[in-house]
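Asks: First the structure, which I've put down as structure tokens, then a few questions once you've had a look.
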Amino acid sequence: MVDSGGLWTPPEDELGEALQTAQVLIEEGRADEAGPYQQRVIELARERAGDRPDHYEAKHLMAATQYELAGSLNASGRHEEALAALHEAQLGYTELSDAGVLDATSFLADVRARRAMTQAHRGYGATAVLEMDGAVIAYGQLVGGENGIDHQPDFARVLAMNALILRRYGDPDLAVASADAATQLFLQLADKINASPQSLSYARYLCSSTAVSADIHAAEGRLDLALEADEIGLSTADTLADSESATDLRTLVSALTRKGKHLGIVGRMIEGETCLRTAVATDPETAARVAEELDRGIPPSLTTALENAEIKLGPYEQYYRLMALSEPAPGMTLATVSGRTDPESAAVRATELAELVRPMLLHDAETALTLGLEAHYLFAISSERESHRMRYETSTYAPVWAQVLLDISEAYHAAGQTEMALDLAGWSAEVATALIPFTMTDGEVKELAGACYRHHGDLLAATGDFTASQHAHDAAAQLQH
């Protein structure tokens, strides 16, 4: 979403010119070049605000531009700086909301969505899934509200972003549901979107949602649906490529490669080869990357993981209760983890999932990681929603959460996925902090909390963050006193 409404209108001067230049570059798919102009907008807006705490127009402009700057920094691979810009944007919007001059619900949801994409770029997939979950839920509530129709294009955009993250770090069944919903909504809103100043941006998100749909439908053998998604994506990408943006050209090559592969699977060899030859001739590097991604396949869904666990471990008592998580909770659409069940039940189902993780790590690490991640997501959602169980029965549920985080973080580290391991280790250290009140009377909890801190410290040291590593090890040592 480009935040161009509300409290401010662009002035006709250097600030306005810098702002306009940045927006043009973003629309042209050249976000990596927009950063310096956005930095200048922020400087000028800060000067205008001066010492006036009630200069809300300037504060709004600064928050909006920090949000846009984060996108430009991400496009340049500067993800840590992007997170800092998003923090500033969140502070700005929260201040405006607290002052009662702006309903910041959609803006804060956008900040959360962009932070999710930033974390995904860093490889912090577990955090990305949960951040995006919150953004989707917020937009779902906005769409169901009084001015819901105004938020529909951005709801489609956030669903498309959610699908991208779940495709890589979550349940492919949720990813394809989110992608299909995004595509359907984009097509329903085509006339409105095409008349929008952000039409090119929305078209890029449509391409990403159709790519996820095509990948997962094809992997699951639903090739008619895959080719349908391919056709929409290729048609949209072909139109986008007229922008002559390198990013849009890569999107076109990706769509051609994807469709070529899928046509080959259904036996339409000549058409498939034509698509693939065109893709390779246009951008061999992108074509090879997409082909490799398609060959790698998709991670197991929760349903598949539960079935694998029954095969490897034998029948287990919670099988049917956990299988019910693949159906949406009452009043929910199953495109997010939080749509699986209510916050109170989430902690119980998470505990039941966690019981399967350690045994499965001995038999099938990929399945174990799927089960462990889903347990973590349910625990985190139950905690964020402040369920009674997570608030008042911490000593029952938090140790299980900490242990499953420690186990899967170690497994990711052993598999060479350092970023994901570090992300989960950070979560385990946070949960360990919640365990501290119980370490005085429970030796096992004390040892678990210390193990979480030490593991986090070891991974931080391995990535060169020795100061943070020392803090983590000091926290572990403190538990022994």
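The values are calculated or read from the model by the stated rules, or taken from the named source; none is laboratory data. Please read all numbers here as calculations on a predicted model, not as lab measurements. Positions of Cβ are generated from backbone atoms using ideal geometry, with glycine treated the same way; all protein chains shown enter the neighbour counts. Heavy atoms of the whole protein, side chains included, go into the accessibility calculation; ligands, DNA and RNA do not. Shrake-Rupley method; radii C 1.70, N 1.55, O 1.52, S 1.80 Å.
Asks: Which length gain, in nm to one decimal place, applies between residue 355 and residue 288 when the Cα-Cα distance is subtracted from 0.36 nm times their residue separation? Kindly include the intermediate steps, with their values, before the conclusion.
Replies: Details: separation 67, 0.36 × 67 = 24.12 nm, distance 3.99 nm.
Separation in residues times 0.36 nm, less the Cα-Cα distance, equals 20.1 nm.
Asks: While we're here: Please report, in debye to the nearest 20, how large the charge dipole of segment 361-462 is about its Cα centre when each Lys and Arg carries +1 at its beta carbon and each Asp and Glu carries -1 there.
Replies: Values: 5 positive and 15 negative charges, 62 e Å.
Here segment 361-462 has a charge dipole of around 300 debye.
Asks: Might you report the magnitude of the Cβ-based charge dipole of segment 194-241 about its Cα centre, with Lys and Arg at +1 and Asp and Glu at -1, to the nearest 20 debye? Show your work: numbers first, answer last.
Replies: On the way: 2 positive and 7 negative charges, 50 e Å.
In debye, rounded to 20, segment 194-241 gives about 240.
Asks: Report which label in (1) 29.9; (2) 23.5; (3) 24.8 holds the value of mean projected area of the Cα convex hull in nm² derived from the coordinates of this structure.
Replies: Among (1) 29.9; (2) 23.5; (3) 24.8, the one derived from this structure is (3).
Asks: For the chain, calculate the relative contact order in percent as a whole number, restricting contacts to Cα pairs under 8 Å that are 6 or more residues apart. Spell out each step's value before the answer.
Replies: Working: 715 pairs, mean separation 42.5, N = 481.
Reported relative contact order: 9 percent.
Asks: Shifting gears a bit: Could you tell me which GluC sites (Glu not before Pro) in segment 307-405 are loop residues by DSSP with no more than 14 other beta carbons within 10 angstrom of their beta carbon? Could the numbers behind the result be given before it?
Replies: Values: sites: 307, 310, 317, 344, 352, 355, 366, 374, 384, 386, 393; in loops: 317, 386, 393.
Filter output for segment 307-405: 317, 386, 393.
Asks: Roughly what would the spin-label model give for residue 366 and residue 33, points 7 Å off Cα along C-beta, in nm?
Replies: Calculated label separation equals 4.2 nm.
Asks: Please list, in order, the residues from segment 148-189 whose amide nitrogen is less than 13 Å from a point placed 7 Å along the Cα→Cβ vector of residue 103.
Replies: Within reach of a label on residue 103: 148-152.
Asks: Between residue 150 and residue 190, what's the calculated FRET efficiency when r is the beta-carbon distance and R0 is 22 Å? Round to 0.05.
Replies: With R0 = 22 Å, the Cβ-Cβ based efficiency is 0.85.
Asks: So, in Å, what gap is there between the alpha-carbon centers of segment 344-387 and segment 102-141?
Replies: 21 Å
Asks: Return the FRET efficiency for the residue pair residue 433, residue 228: r is the Cβ-Cβ distance, R0 is 41 Å, and the value is rounded to the nearest 0.05.
Replies: Details: r = 48 Å, r/R0 = 1.18.
Step by step, r from the Cβ atoms, then E = 0.25.
Asks: Continuing with the same structure: Of all alpha-carbon pairs in segment 379-481, indicate the percentage at a distance above 16 angstrom. Before the final figure, lay out the partial values.
Replies: Values: 2844 of 5253 pairs.
Across segment 379-481, Cα pairs with separations above 16 Å total 54 percent.
Asks: Pairs of alpha-carbon atoms within less than 8 angstrom and 6+ residues apart define the contacts here; what relative contact order does segment 103-249 have, in percent? List each step's numbers first, then the result.
Replies: On the way: 188 pairs, mean separation 24.6, N = 147.
Here the relative contact order equals 17 percent.
Asks: Just the number please: accessible area per residue for the chain, 1.4 Å probe, all protein chains included, in Å².
Replies: On the way: 21390 Å² over 481 residues.
I get 44 Å² per residue for this part.
Asks: Treating the beta-carbon of each Lys and Arg as +1 and of each Asp and Glu as -1, no other charges, what is the dipole magnitude of the chain about its Cα centre, to the nearest 20 debye?
Replies: Numbers: 35 positive and 73 negative charges, 132 e Å.
Computed charge dipole of the chain: roughly 640 debye.
Asks: Now for a different question. Subtracting the Cα-Cα distance from 0.36 nm times the residue separation, let me have the gained length for residue 333 to residue 415 in nm, one decimal.
Replies: Values: separation 82, 0.36 × 82 = 29.52 nm, distance 3.36 nm.
Gain on extension, residue 333 to residue 415, equals 26.2 nm.
Asks: In segment 399-440, carbon and sulfur make up what percent of the accessible area (probe 1.4 Å)?
Replies: Numbers: 940 of 1570 Å².
Using a 1.4 Å probe with all protein chains present, segment 399-440 comes out at 60 percent carbon and sulfur.
Asks: Then there is this: Using R₀ = 41 Å, calculate the FRET efficiency as 1/(1 + (r/R₀)^6) where r is the Cβ-Cβ separation of residue 317 and residue 296; round to 0.05. Write out the running numbers ahead of the final one.
Replies: Working: r = 34 Å, r/R0 = 0.84.
Between residue 317 and residue 296 the formula returns 0.75.
Asks: Moving on. Looking at the square roots a ≥ b ≥ c of the eigenvalues of the Cα gyration tensor of segment 171-258, which shape do they give, rounded for a/c under 1.5, prolate if a/b is larger than b/c, or oblate? Could the numbers behind the result be given before it?
Replies: Details: a/c = 2.20, a/b = 1.38, b/c = 1.60.
Here segment 171-258 falls in the oblate category.
Asks: Give, in nm to one decimal, the length gained when the segment between residue 388 and residue 219 is fully stretched (0.36 nm per residue of separation minus the Cα-Cα distance). Walk me through the numbers before you get to the answer.
Replies: Working: separation 169, 0.36 × 169 = 60.84 nm, distance 3.95 nm.
My answer for the length gained is 56.9 nm.
Asks: Now a separate question. Can you return the aspartates and glutamates within cross-link range of residue 261? Criterion is Cα-Cα under 12 Å, with same-chain partners fewer than 8 residues away left out.
Replies: 215, 230, 271, 273, 292, 293, 295
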